[in-house]
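Q: A single structure is presented below for examination.
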Amino acid sequence: MLLVSMALAVPVVLGGAASAAELSTKAFHAKVKCAKVRISDNNAVGYVHGEGRAKTKPLAVAAAKKDANSKVGKGYRAKHCRSL
């Protein structure tokens, strides 16, 4: 009779490292400053700020741009946004 034993290696983390649950709850926060542009003549008439939060940095920046665009009002749009 042949006996086979198998050992399972289980990594143990001792402090300092974030668990998978902690990593999934972390969010990125982004702030942007955009030029407020009048659509009729394409002239900049000031600035508008936006903020966003998401699981990744690119998604947070996209949410901040969307927030800035929602604040400009009818007949205007946010353009040339930059992260702060």
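The values are calculated or read from the model by the stated rules, or taken from the named source; none is laboratory data. All values reported here derive from a predicted model rather than from experimental measurement. Here the Cβ is made from the backbone with ideal geometry for all residues, glycine too, and neighbour counts use every protein chain on show. Ligands, DNA and RNA are stripped out before the accessible areas are found, and what is left, the full protein with its side chains, is counted by its heavy atoms. Shrake-Rupley method; radii C 1.70, N 1.55, O 1.52, S 1.80 Å.
Q: Can you pull out the residues in the range 68-78 that are within 11 Å of Glu51 (Cβ to Cβ) and open to solvent by less than 40 Å² (accessible area, probe 1.4 Å)?
A: Ala68
Q: Does any residue of the range 37-58 turn out to be in a helix (DSSP H, G or I), among the charged types (D, E, K, R) and open to solvent by 40 Å² or more (accessible area, probe 1.4 Å)?
A: Yes, the range 37-58 contains a residue that is in a helix (DSSP H, G or I), among the charged types (D, E, K, R) and open to solvent by 40 Å² or more (accessible area, probe 1.4 Å).
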